[in-house]
1. Which value at 222 nm does chain A reach when only helices count, each DSSP H run of 4 or more adding -39,500 (n - 2.57), with the total divided by all residues and rounded to the nearest 500 deg cm²/dmol?
2. Starting from the Kirkwood Rh over alpha-carbon pairs, what translational D in µm² s⁻¹ does chain B have by Stokes-Einstein at 10 °C and 1.306 mPa s?
3. Beyond 29 Å, what share of the Cα-Cα pairs of chain A is found? Please give it as a whole percent.
4. Given a 1.4 Å probe and no ligands, DNA or RNA in the count, how much accessible surface is buried by B and A, both sides, to the nearest 100 Å²?
5. For chain A, modelled as a Gaussian network with Cα springs under 10 Å, which listed residue fluctuates most, A:V251, A:V86, A:V36?
6. Between A:E297 and A:F60, how many nm apart are label points set 7 Å from Cα along the C-beta direction?
7. Identify all lysines with a Cα-Cα distance to A:K52 below 18 Å; exclude those on the same chain that are fewer than 8 residues away in sequence.
8. Hey, can you grab everything whose amide H is under 5 Å from the amide H of B:Q57? Only 5+ residues off in sequence or another chain; H modelled, so Pro and N-termini drop out.
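The values are calculated or read from the model by the stated rules, or taken from the named source; none is laboratory data. Only a predicted model underlies this, so the values are computations on that prediction, with no experimental measurement involved. Every residue, glycine among them, receives a Cβ derived from its backbone with ideal geometry; neighbour counts consider all protein chains shown. The protein model used for the area step is the full one, side chains on, heavy atoms only, and it has no ligands, DNA or RNA in it. Shrake-Rupley method; radii C 1.70, N 1.55, O 1.52, S 1.80 Å.
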Amino acid sequence: MATDTQTRQAEPASDRPGRIDAVPVRHPGRWVAIAVIAVLAAMLVHLLVTNKAFEWSFVFEAMNQSQVINGFLKGTLLVTALSMIVGVGGGVLLAVMRLSDNPILAGVAWLFTWFFRSIPRYILLFTMGTLGILFQDGVAFGVPFDWKIIEWLGFSGDWRLFTLDANQIFTGLVAGVIGLGLSEAAYMAEIARAGILSVDKGQAEAAEALGMSSGKVMRRVVLPQAMRVIVPPTGNETIAMLKDTSLLVAVPVIGELFYQLQSIGSTYYKTFPIAVAAALYYLAVTSVLMVGQYFLERHFGRGFGNKAPRAARPAGAGGA
Amino acid sequence: MALVEIKNLHKSFGSNHVLRGIDFSVEQGEVVCVIGPSGSGKSTLLRCVNLLEKPQQGQVFVRGEDITDPDCHLDAARQQIGMVFQQFNLFPHLSALANCTIAQRTVLKRSPAEADRVARANLERVGLSDKIDAFPAQLSGGQQQRVAIARALSMDPALMLFDEPTSALDPELVGDVLTVMRKLALEGMTMLVVTHEMAFAREVADRVAFMDGGVIVEQGPPADVIGDPREERTRTFLRRVLDPTHVEPT
(Lines give C-alpha, C1' and ligand atoms only; values in the text may rest on other atoms or scores of the structure.)
Protein backbone atom coordinates (compact mmCIF):
# COMPACT_ATOMS: atom_id res chain seq x y z
CA MET A 1 0.00 0.00 0.00
CA ALA A 2 2.74 2.43 1.01
CA THR A 3 4.94 1.69 -2.00
CA ASP A 4 1.89 1.97 -4.18
CA THR A 5 1.26 5.58 -3.11
CA GLN A 6 4.93 6.43 -3.45
CA THR A 7 5.17 5.35 -7.06
CA ARG A 8 1.94 7.10 -7.91
CA GLN A 9 3.31 10.32 -6.40
CA ALA A 10 6.67 10.01 -8.14
CA GLU A 11 5.24 9.36 -11.55
CA PRO A 12 3.08 12.45 -12.29
CA ALA A 13 5.71 14.91 -11.02
CA SER A 14 5.96 16.41 -14.51
CA ASP A 15 2.35 17.52 -14.80
CA ARG A 16 2.26 19.16 -11.36
CA PRO A 17 0.36 22.46 -11.36
CA GLY A 18 2.58 25.56 -11.57
CA ARG A 19 3.26 27.92 -8.73
CA ILE A 20 0.28 29.84 -7.51
CA ASP A 21 0.45 33.58 -7.03
CA ALA A 22 -0.01 33.50 -3.29
CA VAL A 23 -1.25 36.68 -1.65
CA PRO A 24 -0.16 37.06 2.00
CA VAL A 25 -3.01 37.06 4.50
CA ARG A 26 -3.83 40.67 5.30
CA HIS A 27 -3.82 41.85 8.91
CA PRO A 28 -5.51 45.27 8.87
CA GLY A 29 -6.03 45.16 12.65
CA ARG A 30 -2.28 45.01 13.22
CA TRP A 31 -1.66 48.16 11.21
CA VAL A 32 -4.35 50.04 13.13
CA ALA A 33 -2.81 48.91 16.41
CA ILE A 34 0.67 49.95 15.28
CA ALA A 35 -0.59 53.39 14.31
CA VAL A 36 -2.41 53.96 17.60
CA ILE A 37 0.53 52.78 19.69
CA ALA A 38 3.01 54.86 17.67
CA VAL A 39 0.99 58.00 18.31
CA LEU A 40 0.70 57.23 22.04
CA ALA A 41 4.45 56.50 22.26
CA ALA A 42 5.26 59.77 20.50
CA MET A 43 3.04 61.62 22.97
CA LEU A 44 4.82 59.98 25.90
CA VAL A 45 8.29 60.79 24.59
CA HIS A 46 7.20 64.36 23.88
CA LEU A 47 5.89 64.65 27.44
CA LEU A 48 9.08 63.22 28.96
CA VAL A 49 11.36 65.49 26.93
CA THR A 50 9.52 68.79 26.86
CA ASN A 51 7.57 68.97 30.11
CA LYS A 52 9.50 71.25 32.47
CA ALA A 53 8.03 69.58 35.58
CA PHE A 54 10.34 66.58 35.18
CA GLU A 55 13.45 68.65 35.89
CA TRP A 56 15.67 65.79 34.81
CA SER A 57 18.86 67.39 36.09
CA PHE A 58 17.33 67.66 39.57
CA VAL A 59 16.14 64.03 39.34
CA PHE A 60 19.65 62.75 38.64
CA GLU A 61 21.24 65.06 41.16
CA ALA A 62 18.84 63.81 43.85
CA MET A 63 19.56 60.21 42.87
CA ASN A 64 23.27 60.86 43.31
CA GLN A 65 23.15 62.24 46.86
CA SER A 66 25.22 60.16 49.26
CA GLN A 67 22.41 59.74 51.82
CA VAL A 68 20.11 58.52 49.03
CA ILE A 69 22.68 56.03 47.76
CA ASN A 70 23.34 54.92 51.32
CA GLY A 71 19.63 54.49 51.97
CA PHE A 72 19.31 52.55 48.74
CA LEU A 73 22.19 50.18 49.56
CA LYS A 74 21.30 49.57 53.22
CA GLY A 75 17.62 50.29 53.62
CA THR A 76 16.50 48.89 50.29
CA LEU A 77 18.95 46.33 48.92
CA LEU A 78 20.36 44.95 52.18
CA VAL A 79 16.97 44.76 53.91
CA THR A 80 15.45 43.09 50.83
CA ALA A 81 18.23 40.49 50.76
CA LEU A 82 18.16 39.77 54.50
CA SER A 83 14.37 39.71 54.72
CA MET A 84 14.18 37.29 51.80
CA ILE A 85 16.77 35.04 53.43
CA VAL A 86 14.68 34.99 56.61
CA GLY A 87 11.52 34.63 54.54
CA VAL A 88 12.63 31.82 52.24
CA GLY A 89 14.41 29.87 54.99
CA GLY A 90 11.50 30.31 57.37
CA GLY A 91 8.96 29.57 54.66
CA VAL A 92 10.57 26.28 53.64
CA LEU A 93 10.86 25.28 57.30
CA LEU A 94 7.20 26.16 57.90
CA ALA A 95 6.13 24.23 54.79
CA VAL A 96 8.03 21.11 55.91
CA MET A 97 6.48 21.48 59.39
CA ARG A 98 3.02 21.96 57.92
CA LEU A 99 3.36 18.80 55.81
CA SER A 100 4.90 16.67 58.58
CA ASP A 101 3.02 13.90 60.35
CA ASN A 102 3.54 15.67 63.65
CA PRO A 103 0.23 17.44 64.45
CA ILE A 104 1.90 19.89 66.86
CA LEU A 105 4.43 21.08 64.26
CA ALA A 106 1.76 21.26 61.59
CA GLY A 107 -0.51 23.27 63.92
CA VAL A 108 2.25 25.70 64.89
CA ALA A 109 3.09 26.29 61.23
CA TRP A 110 -0.55 26.95 60.46
CA LEU A 111 -0.85 29.35 63.41
CA PHE A 112 2.27 31.27 62.34
CA THR A 113 0.99 31.63 58.79
CA TRP A 114 -2.43 32.73 60.02
CA PHE A 115 -0.98 35.37 62.34
CA PHE A 116 1.56 36.96 60.03
CA ARG A 117 -0.69 36.93 56.99
CA SER A 118 -3.39 38.69 58.98
CA ILE A 119 -1.35 41.75 59.94
CA PRO A 120 -0.66 44.44 57.36
CA ARG A 121 3.07 44.92 56.85
CA TYR A 122 2.98 48.60 57.68
CA ILE A 123 1.31 47.91 61.01
CA LEU A 124 3.60 44.93 61.67
CA LEU A 125 6.65 47.11 61.13
CA PHE A 126 5.20 49.83 63.36
CA THR A 127 4.62 47.18 66.05
CA MET A 128 8.15 45.81 65.70
CA GLY A 129 9.48 49.27 66.44
CA THR A 130 7.58 49.36 69.73
CA LEU A 131 8.25 45.82 70.99
CA GLY A 132 11.14 46.98 73.13
CA ILE A 133 8.59 47.90 75.80
CA LEU A 134 7.91 44.19 76.43
CA PHE A 135 11.50 43.46 77.38
CA GLN A 136 12.62 46.34 79.53
CA ASP A 137 15.33 44.21 81.18
CA GLY A 138 16.66 43.21 77.81
CA VAL A 139 16.38 39.96 75.88
CA ALA A 140 18.39 37.27 77.67
CA PHE A 141 19.72 34.04 76.16
CA GLY A 142 20.27 31.09 78.48
CA VAL A 143 18.13 28.66 80.48
CA PRO A 144 14.43 29.53 80.19
CA PHE A 145 12.77 30.50 83.48
CA ASP A 146 16.20 30.37 85.11
CA TRP A 147 15.28 32.78 87.92
CA LYS A 148 12.29 30.61 88.89
CA ILE A 149 14.40 27.43 88.93
CA ILE A 150 17.19 29.13 90.87
CA GLU A 151 14.74 30.51 93.42
CA TRP A 152 13.12 27.10 93.77
CA LEU A 153 16.49 25.40 94.34
CA GLY A 154 17.55 28.11 96.76
CA PHE A 155 20.60 29.21 94.74
CA SER A 156 21.56 32.67 93.67
CA GLY A 157 22.93 34.15 90.45
CA ASP A 158 21.66 33.52 86.96
CA TRP A 159 22.05 31.06 84.08
CA ARG A 160 22.20 33.55 81.27
CA LEU A 161 24.75 33.47 78.49
CA PHE A 162 24.25 37.05 77.33
CA THR A 163 21.62 39.73 77.35
CA LEU A 164 20.77 42.01 74.46
CA ASP A 165 19.27 45.43 74.87
CA ALA A 166 15.73 45.10 73.54
CA ASN A 167 15.68 48.70 72.48
CA GLN A 168 18.58 47.93 70.17
CA ILE A 169 16.95 44.84 68.68
CA PHE A 170 13.56 46.36 68.07
CA THR A 171 14.76 49.39 66.32
CA GLY A 172 16.09 50.38 62.97
CA LEU A 173 17.06 47.90 60.29
CA VAL A 174 17.04 44.87 62.61
CA ALA A 175 13.40 45.40 63.52
CA GLY A 176 12.66 45.98 59.86
CA VAL A 177 14.33 42.74 58.78
CA ILE A 178 12.60 40.74 61.54
CA GLY A 179 9.20 42.18 60.69
CA LEU A 180 9.49 41.88 56.92
CA GLY A 181 11.20 38.49 57.16
CA LEU A 182 8.56 36.91 59.42
CA SER A 183 5.77 38.31 57.31
CA GLU A 184 7.47 36.99 54.19
CA ALA A 185 7.97 33.57 55.77
CA ALA A 186 4.21 33.25 56.13
CA TYR A 187 3.69 33.83 52.40
CA MET A 188 6.72 31.76 51.39
CA ALA A 189 5.37 28.88 53.48
CA GLU A 190 2.39 28.59 51.18
CA ILE A 191 4.57 28.84 48.08
CA ALA A 192 7.01 26.23 49.35
CA ARG A 193 4.15 23.95 50.37
CA ALA A 194 2.69 24.12 46.87
CA GLY A 195 6.15 23.35 45.47
CA ILE A 196 6.69 20.33 47.70
CA LEU A 197 3.21 18.99 46.93
CA SER A 198 3.91 19.36 43.20
CA VAL A 199 6.63 16.69 43.37
CA ASP A 200 5.31 13.22 42.54
CA LYS A 201 4.99 10.92 45.55
CA GLY A 202 6.97 8.27 43.68
CA GLN A 203 10.08 10.44 43.96
CA ALA A 204 10.09 10.30 47.75
CA GLU A 205 9.28 6.58 47.64
CA ALA A 206 12.18 5.87 45.30
CA ALA A 207 14.55 7.83 47.55
CA GLU A 208 13.25 6.08 50.69
CA ALA A 209 13.62 2.71 49.00
CA LEU A 210 17.31 3.56 48.46
CA GLY A 211 17.66 3.95 52.21
CA MET A 212 17.73 7.74 52.42
CA SER A 213 16.58 9.28 55.69
CA SER A 214 13.54 11.54 55.51
CA GLY A 215 15.73 14.64 55.84
CA LYS A 216 17.91 13.57 52.92
CA VAL A 217 14.85 12.68 50.84
CA MET A 218 13.60 16.22 51.36
CA ARG A 219 16.94 17.98 50.79
CA ARG A 220 18.38 15.93 47.96
CA VAL A 221 15.32 14.78 46.00
CA VAL A 222 12.10 16.64 46.81
CA LEU A 223 13.23 20.24 47.37
CA PRO A 224 15.48 20.47 44.27
CA GLN A 225 12.46 19.50 42.19
CA ALA A 226 10.07 21.67 44.18
CA MET A 227 12.35 24.64 43.43
CA ARG A 228 11.15 24.60 39.83
CA VAL A 229 7.69 25.51 41.12
CA ILE A 230 8.94 27.67 44.01
CA VAL A 231 11.35 29.96 42.12
CA PRO A 232 8.96 31.94 39.86
CA PRO A 233 6.61 33.10 42.66
CA THR A 234 9.66 33.71 44.88
CA GLY A 235 10.99 36.10 42.23
CA ASN A 236 7.66 37.86 42.47
CA GLU A 237 7.94 37.99 46.25
CA THR A 238 11.47 39.40 46.06
CA ILE A 239 10.31 42.18 43.78
CA ALA A 240 7.39 42.89 46.11
CA MET A 241 9.80 42.89 49.06
CA LEU A 242 12.05 45.40 47.31
CA LYS A 243 9.12 47.78 47.11
CA ASP A 244 7.87 47.00 50.61
CA THR A 245 11.16 48.24 52.07
CA SER A 246 9.65 51.70 51.54
CA LEU A 247 7.35 50.78 54.48
CA LEU A 248 10.37 50.77 56.80
CA VAL A 249 9.48 54.33 57.73
CA ALA A 250 6.88 52.78 60.06
CA VAL A 251 9.55 51.24 62.33
CA PRO A 252 10.88 54.02 61.95
CA VAL A 253 13.93 53.58 59.75
CA ILE A 254 15.08 56.70 57.99
CA GLY A 255 18.14 55.25 56.26
CA GLU A 256 16.00 54.07 53.38
CA LEU A 257 15.72 55.15 49.77
CA PHE A 258 12.29 56.71 49.57
CA TYR A 259 12.48 58.49 52.94
CA GLN A 260 15.78 60.08 51.95
CA LEU A 261 14.50 61.15 48.54
CA GLN A 262 11.35 62.55 50.10
CA SER A 263 13.29 64.62 52.58
CA ILE A 264 15.26 66.15 49.71
CA GLY A 265 11.99 66.77 47.90
CA SER A 266 10.42 68.56 50.82
CA THR A 267 13.55 70.64 51.42
CA TYR A 268 13.49 71.96 47.85
CA TYR A 269 9.70 71.84 47.37
CA LYS A 270 10.15 69.49 44.46
CA THR A 271 7.95 66.46 45.05
CA PHE A 272 7.30 65.26 41.50
CA PRO A 273 10.95 64.86 40.36
CA ILE A 274 11.55 62.94 43.59
CA ALA A 275 8.79 60.46 42.73
CA VAL A 276 10.42 60.03 39.31
CA ALA A 277 13.82 59.46 40.93
CA ALA A 278 12.37 56.76 43.23
CA ALA A 279 10.59 55.10 40.31
CA LEU A 280 13.84 54.99 38.31
CA TYR A 281 15.66 53.29 41.20
CA TYR A 282 12.96 50.65 41.64
CA LEU A 283 12.70 50.08 37.88
CA ALA A 284 16.46 49.50 37.64
CA VAL A 285 16.66 47.00 40.49
CA THR A 286 13.54 45.15 39.37
CA SER A 287 15.09 44.72 35.92
CA VAL A 288 18.24 43.23 37.45
CA LEU A 289 16.15 40.90 39.63
CA MET A 290 14.19 39.69 36.64
CA VAL A 291 17.41 38.72 34.87
CA GLY A 292 18.53 36.86 38.00
CA GLN A 293 15.20 35.05 38.13
CA TYR A 294 15.63 33.92 34.53
CA PHE A 295 18.93 32.23 35.36
CA LEU A 296 17.55 30.65 38.53
CA GLU A 297 14.59 29.24 36.64
CA ARG A 298 16.90 27.84 34.02
CA HIS A 299 19.07 26.20 36.67
CA PHE A 300 16.20 24.52 38.51
CA GLY A 301 14.45 23.60 35.26
CA ARG A 302 17.20 21.09 34.43
CA GLY A 303 15.77 17.78 33.29
CA PHE A 304 12.32 19.26 32.65
CA GLY A 305 10.81 20.73 29.53
CA ASN A 306 12.11 20.29 26.01
CA LYS A 307 15.30 22.34 26.15
CA ALA A 308 18.37 20.14 26.34
CA PRO A 309 20.09 20.62 29.70
CA ARG A 310 23.48 22.27 29.38
CA ALA A 311 25.36 19.38 30.96
CA ALA A 312 24.05 16.94 28.37
CA ARG A 313 24.87 18.99 25.30
CA PRO A 314 28.62 18.37 24.96
CA ALA A 315 28.13 14.62 25.32
CA GLY A 316 25.41 14.61 22.68
CA ALA A 317 27.48 16.71 20.30
CA GLY A 318 30.63 14.66 20.72
CA GLY A 319 29.33 11.10 20.88
CA ALA A 320 26.08 9.77 19.50
CA MET B 1 17.54 -18.78 57.09
CA ALA B 2 15.41 -17.23 54.40
CA LEU B 3 16.52 -13.84 53.08
CA VAL B 4 12.98 -12.51 53.46
CA GLU B 5 10.37 -14.04 55.67
CA ILE B 6 6.84 -12.71 55.96
CA LYS B 7 4.55 -13.89 58.73
CA ASN B 8 0.78 -13.44 58.89
CA LEU B 9 0.83 -10.09 57.10
CA HIS B 10 -2.35 -7.99 57.09
CA LYS B 11 -2.79 -4.64 55.38
CA SER B 12 -5.90 -2.55 54.86
CA PHE B 13 -6.47 0.79 53.24
CA GLY B 14 -9.47 2.13 55.13
CA SER B 15 -12.12 -0.57 54.92
CA ASN B 16 -10.36 -2.26 52.00
CA HIS B 17 -8.64 -5.36 53.40
CA VAL B 18 -5.89 -5.82 50.79
CA LEU B 19 -3.63 -8.42 52.41
CA ARG B 20 -5.38 -11.08 54.47
CA GLY B 21 -2.70 -13.02 56.26
CA ILE B 22 0.29 -13.67 54.02
CA ASP B 23 2.97 -16.20 54.95
CA PHE B 24 5.75 -16.12 52.46
CA SER B 25 9.50 -16.35 52.15
CA VAL B 26 12.25 -15.80 49.63
CA GLU B 27 15.50 -17.77 49.83
CA GLN B 28 18.92 -16.43 48.99
CA GLY B 29 19.48 -16.61 45.21
CA GLU B 30 15.88 -17.41 44.44
CA VAL B 31 13.81 -15.72 41.71
CA VAL B 32 10.16 -15.54 42.72
CA CYS B 33 7.45 -14.16 40.48
CA VAL B 34 4.15 -13.05 41.95
CA ILE B 35 1.22 -13.15 39.55
CA GLY B 36 -2.47 -12.51 39.96
CA PRO B 37 -5.35 -10.29 38.89
CA SER B 38 -5.19 -6.54 39.53
CA GLY B 39 -6.32 -5.64 43.02
CA SER B 40 -5.17 -8.99 44.37
CA GLY B 41 -2.57 -7.31 46.61
CA LYS B 42 0.63 -8.30 44.80
CA SER B 43 2.08 -4.80 44.63
CA THR B 44 1.08 -4.11 48.22
CA LEU B 45 2.85 -7.29 49.32
CA LEU B 46 5.98 -6.18 47.48
CA ARG B 47 5.81 -2.71 49.00
CA CYS B 48 5.54 -4.23 52.47
CA VAL B 49 8.90 -5.97 52.00
CA ASN B 50 10.74 -2.63 52.28
CA LEU B 51 7.96 -1.07 54.33
CA LEU B 52 6.88 1.52 51.79
CA GLU B 53 3.51 0.32 53.08
CA LYS B 54 3.19 -0.20 56.81
CA PRO B 55 1.26 -3.39 57.54
CA GLN B 56 -1.32 -3.32 60.36
CA GLN B 57 -0.42 -6.79 61.54
CA GLY B 58 2.27 -9.37 60.97
CA GLN B 59 6.03 -9.29 60.63
CA VAL B 60 8.58 -8.92 57.86
CA PHE B 61 12.04 -10.37 58.50
CA VAL B 62 14.98 -9.38 56.32
CA ARG B 63 18.00 -11.57 57.09
CA GLY B 64 16.35 -12.47 60.36
CA GLU B 65 15.77 -8.89 61.45
CA ASP B 66 12.17 -7.84 62.04
CA ILE B 67 11.85 -4.59 60.07
CA THR B 68 8.30 -4.00 61.32
CA ASP B 69 9.78 -3.52 64.80
CA PRO B 70 9.74 0.26 65.48
CA ASP B 71 13.26 -0.02 66.97
CA CYS B 72 14.64 -1.49 63.75
CA HIS B 73 16.90 0.79 61.73
CA LEU B 74 14.68 0.81 58.66
CA ASP B 75 16.98 2.89 56.44
CA ALA B 76 19.76 0.35 56.99
CA ALA B 77 17.44 -2.51 56.04
CA ARG B 78 16.29 -0.67 52.93
CA GLN B 79 19.87 -0.28 51.72
CA GLN B 80 19.98 -4.05 51.18
CA ILE B 81 16.76 -4.05 49.17
CA GLY B 82 16.75 -2.54 45.69
CA MET B 83 13.40 -1.55 44.26
CA VAL B 84 12.29 -0.97 40.69
CA PHE B 85 8.96 0.78 40.18
CA GLN B 86 6.32 0.53 37.49
CA GLN B 87 6.66 4.28 36.80
CA PHE B 88 10.53 4.18 37.00
CA ASN B 89 10.59 7.13 39.47
CA LEU B 90 13.99 8.29 38.27
CA PHE B 91 15.07 11.63 39.71
CA PRO B 92 14.37 13.96 36.76
CA HIS B 93 16.73 16.71 37.94
CA LEU B 94 19.75 14.38 37.87
CA SER B 95 21.61 12.74 34.99
CA ALA B 96 21.57 8.95 34.62
CA LEU B 97 24.96 8.79 36.32
CA ALA B 98 23.92 11.08 39.19
CA ASN B 99 20.76 9.00 39.66
CA CYS B 100 23.06 6.05 40.31
CA THR B 101 25.52 7.89 42.56
CA ILE B 102 23.29 10.01 44.81
CA ALA B 103 22.34 7.27 47.26
CA GLN B 104 25.83 5.75 47.21
CA ARG B 105 27.19 9.15 48.21
CA THR B 106 24.57 10.18 50.76
CA VAL B 107 23.63 6.81 52.26
CA LEU B 108 26.64 4.52 51.85
CA LYS B 109 29.08 7.47 52.16
CA ARG B 110 31.17 6.23 49.26
CA SER B 111 33.79 8.56 47.82
CA PRO B 112 32.86 10.38 44.59
CA ALA B 113 35.36 8.29 42.63
CA GLU B 114 34.11 5.01 44.07
CA ALA B 115 30.44 5.92 43.53
CA ASP B 116 31.22 6.98 40.00
CA ARG B 117 33.01 3.72 39.26
CA VAL B 118 30.17 1.57 40.64
CA ALA B 119 27.54 3.63 38.80
CA ARG B 120 29.36 3.37 35.47
CA ALA B 121 29.80 -0.37 35.91
CA ASN B 122 26.09 -0.84 36.59
CA LEU B 123 25.00 1.40 33.72
CA GLU B 124 27.18 -0.74 31.50
CA ARG B 125 25.61 -3.85 32.99
CA VAL B 126 22.18 -2.66 31.80
CA GLY B 127 23.57 -1.68 28.39
CA LEU B 128 23.49 2.11 28.78
CA SER B 129 27.12 3.17 28.99
CA ASP B 130 26.45 5.63 26.15
CA LYS B 131 23.64 7.39 28.09
CA ILE B 132 25.59 8.25 31.23
CA ASP B 133 25.10 12.02 30.95
CA ALA B 134 21.53 11.93 29.64
CA PHE B 135 18.69 13.22 31.79
CA PRO B 136 15.66 10.93 32.29
CA ALA B 137 13.47 13.10 30.04
CA GLN B 138 15.87 12.41 27.17
CA LEU B 139 15.55 8.63 27.52
CA SER B 140 12.90 6.22 26.29
CA GLY B 141 10.77 4.36 28.82
CA GLY B 142 12.82 1.21 28.41
CA GLN B 143 16.07 3.11 28.91
CA GLN B 144 14.67 4.89 31.96
CA GLN B 145 13.66 1.60 33.51
CA ARG B 146 17.13 0.20 32.90
CA VAL B 147 18.68 3.26 34.55
CA ALA B 148 16.32 2.62 37.48
CA ILE B 149 17.63 -0.96 37.67
CA ALA B 150 21.22 0.32 37.57
CA ARG B 151 20.39 2.83 40.31
CA ALA B 152 19.12 0.04 42.56
CA LEU B 153 22.05 -2.24 41.71
CA SER B 154 24.55 0.50 42.57
CA MET B 155 23.66 0.03 46.23
CA ASP B 156 24.86 -3.62 46.04
CA PRO B 157 21.52 -4.95 47.29
CA ALA B 158 20.99 -8.48 48.56
CA LEU B 159 17.49 -8.51 47.09
CA MET B 160 15.80 -6.77 44.18
CA LEU B 161 12.09 -5.99 44.17
CA PHE B 162 10.42 -5.40 40.81
CA ASP B 163 6.94 -3.86 40.87
CA GLU B 164 5.45 -4.54 37.43
CA PRO B 165 8.62 -3.18 35.79
CA THR B 166 7.36 -3.50 32.22
CA SER B 167 3.70 -2.51 32.62
CA ALA B 168 4.26 1.17 31.73
CA LEU B 169 6.40 0.40 28.67
CA ASP B 170 5.56 0.37 24.99
CA PRO B 171 5.44 -3.26 23.84
CA GLU B 172 8.58 -3.01 21.71
CA LEU B 173 10.62 -1.77 24.71
CA VAL B 174 9.60 -4.55 27.09
CA GLY B 175 12.19 -6.96 25.71
CA ASP B 176 15.22 -4.82 26.65
CA VAL B 177 14.14 -4.61 30.27
CA LEU B 178 13.31 -8.31 30.50
CA THR B 179 16.70 -9.15 29.00
CA VAL B 180 18.43 -7.20 31.75
CA MET B 181 16.30 -8.92 34.40
CA ARG B 182 17.00 -12.35 32.91
CA LYS B 183 20.73 -11.58 33.04
CA LEU B 184 20.46 -10.54 36.68
CA ALA B 185 18.67 -13.77 37.51
CA LEU B 186 21.40 -15.80 35.82
CA GLU B 187 24.03 -13.93 37.84
CA GLY B 188 22.35 -15.26 40.95
CA MET B 189 20.55 -12.11 42.18
CA THR B 190 17.70 -12.76 44.59
CA MET B 191 14.62 -11.30 42.94
CA LEU B 192 10.99 -10.83 43.87
CA VAL B 193 9.05 -9.82 40.76
CA VAL B 194 5.43 -8.76 40.47
CA THR B 195 4.64 -9.20 36.81
CA HIS B 196 2.10 -9.89 34.11
CA GLU B 197 4.76 -11.32 31.81
CA MET B 198 3.85 -15.02 32.00
CA ALA B 199 6.51 -16.07 29.52
CA PHE B 200 9.17 -14.39 31.66
CA ALA B 201 7.82 -15.96 34.85
CA ARG B 202 7.73 -19.38 33.28
CA GLU B 203 11.26 -19.12 31.92
CA VAL B 204 13.16 -17.29 34.68
CA ALA B 205 11.35 -17.89 37.97
CA ASP B 206 12.37 -20.62 40.38
CA ARG B 207 8.99 -20.26 42.00
CA VAL B 208 5.72 -18.61 41.05
CA ALA B 209 3.14 -17.45 43.57
CA PHE B 210 -0.43 -16.81 42.48
CA MET B 211 -2.30 -14.24 44.58
CA ASP B 212 -6.00 -13.49 44.60
CA GLY B 213 -8.16 -11.63 47.10
CA GLY B 214 -5.27 -10.80 49.42
CA VAL B 215 -4.01 -14.35 49.92
CA ILE B 216 -1.51 -16.58 48.17
CA VAL B 217 -3.70 -19.15 46.49
CA GLU B 218 -0.94 -21.44 45.32
CA GLN B 219 2.79 -21.39 44.76
CA GLY B 220 5.41 -23.69 43.35
CA PRO B 221 7.62 -24.23 40.30
CA PRO B 222 6.38 -22.35 37.22
CA ALA B 223 5.76 -25.58 35.36
CA ASP B 224 3.18 -26.47 38.02
CA VAL B 225 1.57 -23.11 38.79
CA ILE B 226 1.46 -21.79 35.23
CA GLY B 227 1.68 -25.07 33.35
CA ASP B 228 -0.65 -27.22 35.44
CA PRO B 229 -2.39 -25.18 38.17
CA ARG B 230 -4.18 -27.02 40.94
CA GLU B 231 -6.61 -24.28 41.93
CA GLU B 232 -9.63 -23.29 39.88
CA ARG B 233 -8.97 -19.55 40.57
CA THR B 234 -5.49 -19.87 39.09
CA ARG B 235 -6.84 -21.63 36.03
CA THR B 236 -9.49 -18.95 35.45
CA PHE B 237 -6.88 -16.19 35.76
CA LEU B 238 -4.43 -17.88 33.42
CA ARG B 239 -7.12 -18.56 30.83
CA ARG B 240 -7.92 -14.84 30.82
CA VAL B 241 -4.27 -13.72 30.71
CA LEU B 242 -2.67 -16.25 28.41
CA ASP B 243 -3.71 -14.94 25.07
CA PRO B 244 -3.21 -18.05 22.84
CA THR B 245 -0.91 -16.11 20.50
CA HIS B 246 1.56 -15.63 23.38
CA VAL B 247 1.80 -19.30 24.37
CA GLU B 248 5.05 -20.87 23.25
CA PRO B 249 4.34 -24.15 21.44
CA THR B 250 6.82 -26.33 23.34
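1. Numbers: 15 runs with 210 residues, N = 320.
Rounded to the nearest 500, the figure is -21000 deg cm²/dmol.
2. Details: Rh = 18.7 Å.
Calculated translational D: 85 µm²/s.
3. Every Cα pair in chain A considered, those over 29 Å come to 62 percent.
4. Working: alone 11570 and 21240 Å², together 30600 Å².
Approximately 2200 Å² gets buried when B meets A.
5. Among A:V251, A:V86, A:V36, the largest GNM mean-square fluctuation belongs to A:V36.
6. 3.3 nm
7. Hits, sequence-local ones excluded: A:K270.
8. B:H10
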